[in-house]
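Undergrad: Questions regarding the structure given below will be posed in turn.
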Amino acid sequence: MFHLVPSWIAAFAVVAVSGAAMADDIAKRTEGARNAVKSLSGTLGQELAQAMEAGGPTKAIEVCNEKAPAIAAEISRKEGWWVARTSLKLRNRANAPDAWEIAVLEKFEVRKAAGENPAELEHGEIVNVDGKKQFRYMKAIPTAERPCLTCHGGQIAPAVTAVLDRRYPGDQARGFKAGDIRGAFTITQPMN
């Protein structure tokens, strides 16, 4: 005996399969974004450690000012995505967050206040920008006691302050405490 499947059941099945495929796509994109963040944070961390060892915090400021953008640009070129850092309290105005990034950073602060570990805060979603879909991802950057507070803390050495003032006019990225959210890595992946 032959039975026709009602159209609403067939439509529901298509939506369920599409939903599962979308969830799988988001999971794959999230894993790729995590790997890009690991690459950026690892490379930048190594460069900062070497600079601190070679010349102290003023040398590390050079790395953040000159090498960090180049490292992010190289990863962006390699991945075909836009990879960067941003914050609600900017040091470099070129890293200013857009509206989506501000909203995510503010949610990270709420989640931290609710007891979540800043080192584990991340968010990813598919957004529509000018009629084009993008996967957007952010991973919080927690402030560590060392070396972060040397240049981002409440009591910064005068020599370091002088270099920061010269390289970053209008710097707002000071006054952090260990465990604060310093900012976030941010990734935009175009979806074809």
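Undergrad: Neighbouring Cβ atoms within 10 Å as the yardstick, rank Cys151, Cys64 fewest first.
TA: Arranged by neighbour count, lowest to highest, Cys151, Cys64 become Cys64, Cys151.
Undergrad: What dipole magnitude, in Debye to the nearest 20, does the stretch 7-190 give about its Cα centre under +1 on Lys/Arg Cβ and -1 on Asp/Glu Cβ?
TA: The calculated dipole for the stretch 7-190 is roughly 240 debye.
Undergrad: Fewest to most neighbouring Cβ within 10 Å: what's the order for Ser76, Ser87?
TA: Ranking Ser76, Ser87 by Cβ neighbours within 10 Å, fewest first, gives Ser76, Ser87.
Undergrad: Continuing with this model, one more query. Could you pull out every residue, at least 5 positions away or on a different chain, whose amide H is within less than 5 Å of the one on Arg85? Hs are placed 1.01 Å off N in the peptide plane, and Pro or chain starts have none.
TA: For Arg85, whose amide H was placed from the backbone, the distant partners under 5 Å are Thr186.
Undergrad: Normalised by the residues of the chain, what does the relative contact order come to in percent, with Cα pairs under 8 Å and at least six apart?
TA: Worked out over the chain, it gives 24 percent.
Quick note: the coordinates plus some simple rules give every number you see, no bench work behind them. These figures come from a predicted structure and were not determined experimentally. With ideal geometry, Cβ positions are generated from the backbone for all residues, glycine too; neighbour counts draw on all protein chains shown.
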